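For reference, the structure discussed in these notes is given below.
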Amino acid sequence: MSSRPLGVTVLAILYIIFSVLQLFGGLAMIFFGALMMSMFGFPGMGQGMAGLGFLVGWFSLISIVFIVLGIIGLAIGFGLLAGKEWARILAIIFGLFNIFFGLLSIMSGGLLSLVFGVLVVWYLLQPHVKSFFVEGL
């Protein structure tokens, strides 16, 4: 097997770092939702906080999505380091999602997501990078 391209190593490390941050973000949202319920969600509160349960439910749902995506991102990062083709394919798919959502949010600061997605997809489709993963199966 040929040596791992430097760009693959950098991309894998970025995936691992951002996935750990995403996991912490998901866990923090669960904690924040529980904290809100314990602070404001006691019986006899009245109608003023009726939307609190809805808000906590959304926090829970979003935190689960963050945690699942963080776990998938960690798998991609370690898979890229190991030269696994499935990790390259998942990274390309995630890059395409970044492009899509970057285009949707270009007016509100989605440019970084768009550029990152384009660079990831372009780089992982380069012949020398592709050959590393084909050999790394």
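The numbers here are math on the coordinates, done by the rules we state, and not lab data. No experiment lies behind these values; they were computed from the predicted model shown. Cβ: placed from backbone, ideal geometry, glycine included. Neighbour counts: every protein chain shown.
Given the chain, report the % of alpha carbon pairs whose separation exceeds 18 Å. Counting every Cα pair in the chain, those more than 18 Å apart make up 64 percent.
Among PHE100, PHE132, PHE54, PHE116, which comes first, second and so on when ranked by fewest other beta-carbon atoms within 10 Å? Walk me through the intermediate numbers first.
On the way: PHE100 14, PHE132 20, PHE54 9, PHE116 17.
The most exposed by this proxy come first: PHE54, PHE100, PHE116, PHE132.
Extension gain, ILE106 to VAL65: 0.36 nm times the residue separation minus the Cα-Cα distance gives 12.5 nm. Short-range pairs are left out: with C-alpha atoms under 8 Å and at least six residues apart, the relative contact order of the range 82-137 is 46 percent. The per residue volume of the convex hull around the alpha-carbon atoms of the range 63-137 is 78 Å³.
Rounded to the nearest 10 degrees, the inclination of helix 6-40 to the longest alpha-carbon principal axis of the chain is 10 degrees.
Its DSSP H runs of at least 4 residues, each contributing -39,500 (n - 2.57), put the calculated 222 nm mean residue ellipticity of the chain at -27500 deg cm²/dmol, to the nearest 500. Rounded to 0.05, the FRET efficiency of the VAL115 and MET36 pair, given R0 = 41 Å and the Cβ-Cβ distance, is 0.70. List the relative contact order of the chain as a percent without decimals, with contacts defined as Cα pairs under 8 Å and 6+ residues apart. Contact order relative to length: 30 percent. Maximal additional length on extending the ALA82-PHE18 stretch stands at 21.2 nm, based on 0.36 nm per residue less the C-alpha distance.
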